[in-house]
Amino acid sequence: MTLLPRSLFGRLVLLLVAAVALAVLASIVLFRSERLALLDRQVSETRLAQLQALRAALIGADDPERSETLEELADLYGVEIYPESARPPGNTLPAGPRMADLASRLRARLGPGTEVRFAPRLQRLFVRVEAADAGYWLGVPVPTGAPDAGATRALTWTLAVLVLLLVAAYVFARYLARPLRELAAAVARVGRGELPAPLPESGPSEIAAVNRGFNAMTANLRRLDEDRALLLAGVSHDLRTPLARLRLGVEMSAPDDALRAGMVADIDEMDRIIGQFLDFARGEDATPPAQASLDAIVQAATERYRAAGADVRFTAGAVPALPLKVTAVSRLVANLVDNALAYGAPPVEITTACRDEQAWLEIADHGPGIAPADVARLKLPFTRAAASRARTDGAAGAGLGLAIVERIARLHGGFFEIEPRPGGGTLARVRLPLAAAAR
């Protein structure tokens, strides 16, 4: 497992956020370093000279231990003076080369007994000096107005820059990842058997090159699909005319009624296969969808089969009107019923229902069933059932009926599923969205 995001967009955002965080951290470290250096700058040569003069005044005072004397000197030099017995609050001097240099300079100017401490809460720098065999702590005020105001401004600007950089990083990463998202969506559509619109060939050179290659691939697929449809339609159309003449000749010349009926049945089967070729080659994309009742379409198909003597039963589920390509959905129902009658056994049971924001159409037969391993294979064009699931009428079939159903279901944004029926037989299910319109 990895902690990195899986998407390129997430990794770009993480990279930019990490860079911004490092930049802000470096700014904070530098600011703290400069703040400590401020202490060094505050104790300038003038302040050192004042401390030297104050130490000399303590040495020359008549009674430096008197509180009145200490108060007078403190007012005069603008510092706080404490006898060594009154230990002032404060910590040791912060570590660092600047502070070490400050302490060294103070000891060099004020004597070897000099100590330095800093009280952040009081904003005081306390310096211990020795005068007349006595120790004193001198509290030197560190100006708080300018540093605090600077710290507030620095923090405000740092946060503002951080927010600005994060927003810029998000927008930049999203801009870079957008062509990849569009490409992924287009690839998914190709995987579903659809042909997406051409992708823009602008932007970064690598993305533009990939999009150009993808557009060329989809153009070739579109051309191959058109050529295949034209070929199938042309061959099918050209074959139907001689078949019609052949049937007419058989009916007029064959002396044996049984032989004539068999030959006519063979010609009808050939005509039905050619019809499947035409249905498979026929494009439905240009046909606009219209609000129609799925129950009415199925009911009309059921009545046609029942009029022909087939045992087909329909249970309506009160499905609301849907945006449907009526001719295509009628062909879908007919192919499923034909498949159930050809490979299964009566009765063929049709039901409709509304479940999970979808309209369900289920067609079940009572035949030998279907092997689970053949489910995906039978949806492919020109694929026939295995020997264990042969047609009950002995015909071969073209292997296009379920492929046509799959295409029409996808055309409506739905799904086509085949599975063994509990109790024996095969169950074919088509699920269509209630809200989405057909493409």
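General observations
- Any pair with Cβ under 7 angstrom, 6 or more apart, that starts in region 151-163 at a residue that is part of a helix (DSSP H, G or I) and ends at one that is modelled with pLDDT under 70: Ala154/Phe31
- Check on Ala371, modelled with pLDDT under 90 and within 15 Å of Gln299 (Cβ to Cβ): no
- Sub-7 Å Cβ pairs linking a first residue in region 337-358 that is under 17 Å from Glu417 (Cβ atoms) and in contact (Cβ under 8 Å) with a residue 24 or more places away in the chain to a second residue that is surrounded by 23 or more Cβ atoms within 10 Å (Cβ to Cβ) and polar (S, T, N, Q), at least 6 apart or interchain, are Gly344/Thr426, ordered by first then second residue.
- One residue from Ala95, Ala100, Ala108 being surrounded by fewer than 16 Cβ atoms within 10 Å (Cβ to Cβ), assigned to a helix (DSSP H, G or I) and modelled with pLDDT under 75: Ala100
- Residues considered: Gly90, Gly60. Of these, the only one that is at pLDDT below 80, out of contact with any Gly (no Cβ under 7 Å at 6 or more places or on another chain) and under 18 Å from Pro141 (Cβ atoms) is Gly90.
- Which numbered condition Ala169 misses (of (1) modelled with pLDDT of 70 or more; (2) touching a Leu at 6+ places or on another chain (Cβ under 6 Å); (3) more than 30 Å from Val17 (Cα to Cα); (4) not hydroxyl-bearing (Ser, Thr, Tyr)): (3)
- Checking each residue in region 180-202 for being surrounded by 14 or more Cβ atoms within 10 Å (Cβ to Cβ) and within 22 Å of Leu15 (Cα to Cα) picks out only Leu180.
- Residue match in region 40-48 (condition: at pLDDT 80 or above, open to solvent by 60 Å² or more (accessible area, probe 1.4 Å) and either over 30 Å from Leu162 (Cα atoms) or of a type in the set (S, T, N, Q) (or both)): no
- Candidate set: region 323-348, residues that are part of a helix (DSSP H, G or I) and open to solvent by 60 Å² or more (accessible area, probe 1.4 Å); chosen: the one modelled with the lowest pLDDT: Thr327
- Per-region count, region 380-409, residues buried (at least 16 other Cβ atoms within 10 Å of the Cβ), at pLDDT 60 or above and among the aliphatic types (A, V, I, L, M): 7
- Residue in region 280-292 that is at pLDDT 85 or above and open to solvent by 40 Å² or more (accessible area, probe 1.4 Å) present: yes
- Within region 169-179, the set of residues being open to solvent by less than 60 Å² (accessible area, probe 1.4 Å) and in contact (Cβ under 8 Å) with a residue 40 or more places away in the chain comprises Ala169, Ala173, Leu176, Ala177.
- The set of residues in region 349-379 being in contact with a Ser or Thr (Cβ under 9 Å, 6 or more places away or on another chain), among the aliphatic types (A, V, I, L, M) and surrounded by 20 or more Cβ atoms within 10 Å (Cβ to Cβ) consists of Ile350, Ala359, Leu361, Ile363, Ala364, Ile370.
- Filter result for Leu138 (modelled with pLDDT of 75 or more and either in a helix (DSSP H, G or I) or out of contact with any Cys (no Cβ under 9 Å at 6 or more places or on another chain) (or both)): yes
The values are calculated or read from the model by the stated rules, or taken from the named source; none is laboratory data. A quick note: this is a predicted structure, and the numbers were derived from the prediction, not measured. For neighbour counting, all protein chains shown are included, and Cβ atoms are generated from backbone atoms with ideal geometry for every residue, glycine included. SASA here: full protein model, heavy atoms, side chains in, ligands and nucleic acids out. Shrake-Rupley method; radii C 1.70, N 1.55, O 1.52, S 1.80 Å.
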